[in-house]
Amino acid sequence: MDFLRITSLIFICGVLLNFPAIVTAGDIVHDDDLAPKKPGCENDFVLVKVQTWINGEEDAEFVGVGARFGTTIVSKEKNAQQTPLTLSDPRDCCKPPRKKLSGEVVMVDRGHCKFTTKANNAEAAGASAILIVNNEKELYKMVCDPGETDLDIHIPAVMLPQDAGITLNKMLLNGSSVTVQLYSPKRPVVDIAEVFLWLMAVGTILCGSYWSAGSAREAAIEQDKLLKDASEKELPNFGTGDSSTVMDINMISAVLFVVVASCFLIVLYKLMRFTWFFEILVVLFCIGGVEGLQTCLVALLARWFKRTGQLYIKVPIFGAVSYLTLAVSPFCITFAVVWAVYRNSSFGWIGQDILGIALIITVLQIVRIPNLKVGSVLLGCAFIYDIFWVFASQSLFHESVMIVVARGDKSGEDGIPMLLKIPRLFDPWGGYSIIGFGDILLPGLLVAFSLRYDWLAKKNLRAGYFLWAMIAYGLGLLITYVALNLMDGHGQPALLYIVPFTLGTFLMLGRKRGDLKILWTKGEPERVCPHVCLISIEESNREG
C-alpha cells in the first residue's frame, strides 16, 4: 500500500501543476481586433456549415469560416436554400469566369489575387455564393487590405479547409450533381452540459471536503482518547491527522507553484504534438486514476465490510495490502485500460470523468492546507498563473498557451485527459464543455480546510465557514460560465472569478468573527487538553 501511496503523491504534484482554465469547443462567433474593419468589411468571423447532397442524396457536411466582407450567412437551416455547386473557370477566379452562372455556388482555389477580387468576379458572373478552398488543412480568416475600396459585395464568402475542397472537387469531376446548403447556426446561450459540469465540480469538492474533515475529526477524537489515558512521560506528540497519510502544503511549495506549473505547461505546449508524449500523459493519468478510484472504492466498501477491510496480506514490493484493495485493484486497472483504449469514442468522456473525480477526491483527502496563510499564497499564485497563461501568453506565443493545451489543438486528440468534460447536448456545433482539474482542486483545498476547522471548532453550518465557502465557490464558477458565454465561447481563466469569491469570503468572514488570526497562523481552534489540565491541578495542589 505504501507503493501506491507514493505513486499517488507523485501524481498529485502533476495534478497541482496542471492548467486551471475553462474552455469550450471551437468558437462560433469570433471578433479579431488584429483583423482590420472598414465599411463593407466588418463582419464577425463565424463558422459555417456546408451540407452537401450528391445526386439528390444527403452526403457529407463540412465546416468553413465566413469572411469579413460579403453578406451575412443565415443562421437557421430552414432559411438556407439548396443551391447547385460548380467549379470556377479559371480555378482561382482571379479573372471573370468564362461562363455565366445562374445562381450557383462557385468553388474556387485560394491564391494569385485578393479574396475580394475573387468574390467580385464571382458575383459579376451571377454566383449566389463563393467557396474559397484553402491550400492548407486549417481555416484562414479572409480579411480586406487597408487600401481596398471595391467592397460592395452582395454574396457570402466562405473559406473551406483543403481536405473539404479535395472531396468536393472529386465529386464534381466525377460528373455528380452536387448541391450545397450554407448556414451558421447560433450556439445556445446556456447548454445543459454546463449545468451538469457545475454540479460535478461542486459535488466533487463537497465529497472531498467531507472525507478530509471526517478523517481529521476521527484523528482528533483518537488523540483525545490517548491523551486522557496517557501519563505525563508517555504523552505523545500528535498533530491533527495522520502524518503518514496526509501531506501538508508549505509556503515554499505554494510559492513555487507558479514557476513549476509554468514550466510544466510550456513542456506540454511544446511536446504535446508528439504522439509518444501524449501517450505518456495518458499513462500518467491512468496511474493516478487507478489510485484515486481504488482509494475511493476501498474507503466506501470498508464501511460495509469492516472486518475484511482490517485484514491485510503481505505482498512483495507493495508491502501490507488489505484484502479489499486486492479485490478492487483488478477492476480499477481494467477500467483505466478500457478507457485508455476507447478514450476517443463518443462515450470516452464518461470514463475520463469518473477517473478524474475519484483522483481529485483522493487528493483533497491526502493533501491539505495547514492554515489560511498558505491557502492565500497558493490561491494567489494560482490566480496570477491562470490569468497570465490564458491572456498574457498571447503576446509571447501569438496564441493562448493554456487554451491550446487544454483543447489539444496540436496533438490530434480531443483535449488532454487532465480535465473533466461533458458533450454539449443542445449545441448544433457539438464539442465539449470542459473544466481543468486545478479549477476544482485548488479552491477545493481551501473549502476542505474550512470544513475541517468547523468540525474541530464544533461550529454549525451557519456559524461556520464551510457553507459560505461552498456558496462562494459555486457563485464564482457560475460567474465564470456567464463570462464564458458573454465572450462568445472564448476560454476563460476560471480562477480569475473563483479565487476572489472563495478567498475573499473566507478572509472577510474571519475578520468579522475575530477568527482571522488563528485561521491565518495555526489553522485549527484551540483545544483544551484534559491531561494537561489534570497535571496543572496536581501541580497547584502541591504548591498549596
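Residue-by-condition table, conditions (1) within 26 Å of LEU425 (Cα to Cα); (2) in contact with a Cys (Cβ under 7 Å, 6 or more places away or on another chain); (3) in contact (Cβ under 8 Å) with a residue 24 or more places away in the chain:
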{"site": "VAL178", "(1), (2), (3)": "no, no, yes"}
{"site": "PRO185", "(1), (2), (3)": "yes, no, yes"}
{"site": "ALA193", "(1), (2), (3)": "yes, no, yes"}
{"site": "PHE196", "(1), (2), (3)": "yes, no, yes"}
{"site": "LEU199", "(1), (2), (3)": "yes, no, no"}
{"site": "GLY208", "(1), (2), (3)": "no, no, yes"}
{"site": "TRP211", "(1), (2), (3)": "no, no, yes"}
{"site": "ALA216", "(1), (2), (3)": "no, no, yes"}
{"site": "LYS225", "(1), (2), (3)": "no, no, no"}
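Within region 59-104, being assigned to a loop (DSSP other than H, G, I, E, B), in contact (Cβ under 8 Å) with a residue 40 or more places away in the chain and surrounded by fewer than 18 Cβ atoms within 10 Å (Cβ to Cβ) holds for THR71, THR72, VAL74, SER75, LYS76, GLN81, GLN82. Out of curiosity, is LEU446 assigned to a strand (DSSP E or B), open to solvent by less than 40 Å² (accessible area, probe 1.4 Å), among the aliphatic types (A, V, I, L, M) and in contact (Cβ under 8 Å) with a residue 40 or more places away in the chain? So LEU446 does not fit the description; no. In region 210-259, the qualifying residues are those that are among the aliphatic types (A, V, I, L, M) and farther than 29 Å from TYR385 by Cα, and the one that is modelled with the lowest pLDDT is LEU235. Taking region 467-488, which residues are open to solvent by less than 10 Å² (accessible area, probe 1.4 Å) and not aliphatic (A, V, I, L, M)? Scanning region 467-488 gives TYR473, GLY474, GLY476, THR480. Quick check: is even one residue across region 315-331 free of Cβ contacts under 8 Å to residues at least 40 places away in the same chain, closer than 23 Å to GLY203 by Cβ and assigned by the TED database to the domain that holds LEU445? Looking for residues that are free of Cβ contacts under 8 Å to residues at least 40 places away in the same chain, closer than 23 Å to GLY203 by Cβ and assigned by the TED database to the domain that holds LEU445, one finds at least one in region 315-331, hence yes.
Does GLY56 satisfy the condition of being modelled with pLDDT of 70 or more, buried (at least 21 other Cβ atoms within 10 Å of the Cβ) and over 26 Å from the mean Cα position of the chain (by Cα)? No, not satisfied. Being assigned to a helix (DSSP H, G or I) and of a type outside the set (Phe, Trp, Tyr): is that true of ALA463 here? No, not satisfied. Selection over region 493-517 of residues that are open to solvent by 70 Å² or more (accessible area, probe 1.4 Å) and not aromatic (Phe, Trp, Tyr) gives a count of 5.
What residue, of GLY408, GLY431, is surrounded by fewer than 23 Cβ atoms within 10 Å (Cβ to Cβ), touching a Lys or Arg at 6+ places or on another chain (Cβ under 9 Å), in the same structural domain as SER215 (by the TED database) and of a type in the set (Gly, Ala, Ser)?
GLY431
Taking each residue of region 373-387 that is hydroxyl-bearing (Ser, Thr, Tyr) and looking for partners that are modelled with pLDDT of 90 or more and assigned to a helix (DSSP H, G or I) with beta-carbon atoms closer than 7 Å, six or more apart or interchain, yields SER376/LEU503. Does region 136-153 contain at least one residue that is within 20 Å of VAL178 (Cα to Cα), open to solvent by 70 Å² or more (accessible area, probe 1.4 Å) and assigned by the TED database to the domain that holds GLU61? For region 136-153, residues within 20 Å of VAL178 (Cα to Cα), open to solvent by 70 Å² or more (accessible area, probe 1.4 Å) and assigned by the TED database to the domain that holds GLU61: absent. When VAL133 is tested against the conditions (1) open to solvent by 30 Å² or more (accessible area, probe 1.4 Å); (2) aliphatic (A, V, I, L, M); (3) in contact with an Asp or Glu (Cβ under 6 Å, 6 or more places away or on another chain), the lone failure is (1). Any chance region 456-463 includes a residue that's surrounded by fewer than 21 Cβ atoms within 10 Å (Cβ to Cβ) and farther than 30 Å from PRO525 by Cα? Scanning region 456-463 turns up no residue that is surrounded by fewer than 21 Cβ atoms within 10 Å (Cβ to Cβ) and farther than 30 Å from PRO525 by Cα. Taking region 111-125 as the region of interest, how many residues are crowded, with 20+ Cβ neighbours inside 10 Å and either of a type in the set (S, T, N, Q) or within 8 Å of ASP92 (Cβ to Cβ) (or both)? Total satisfying the criteria: 4.
How many residues are small (Gly, Ala, Ser) and in contact with a Leu (Cβ under 7 Å, 6 or more places away or on another chain) when one looks only at region 368-427?
Let us first name the residues in region 368-427 that are small (Gly, Ala, Ser), namely 375-376, 380, 382, 392-393, 395, 400, 406, 408, 411-412, 415.
Filter once more, keeping what is in contact with a Leu (Cβ under 7 Å, 6 or more places away or on another chain): 375-376, 382, 406.
Residues in region 368-427 being small (Gly, Ala, Ser) and in contact with a Leu (Cβ under 7 Å, 6 or more places away or on another chain): 4 in total.
The values are calculated or read from the model by the stated rules, or taken from the named source; none is laboratory data. Just so it is clear, the model here is predicted, and its values are computed rather than measured. All Cβ positions, even for glycine, are placed from backbone atoms using ideal geometry, and neighbour counts span all protein chains on display. Ligands, DNA and RNA are stripped out before the accessible areas are found, and what is left, the full protein with its side chains, is counted by its heavy atoms. Shrake-Rupley method; radii C 1.70, N 1.55, O 1.52, S 1.80 Å.
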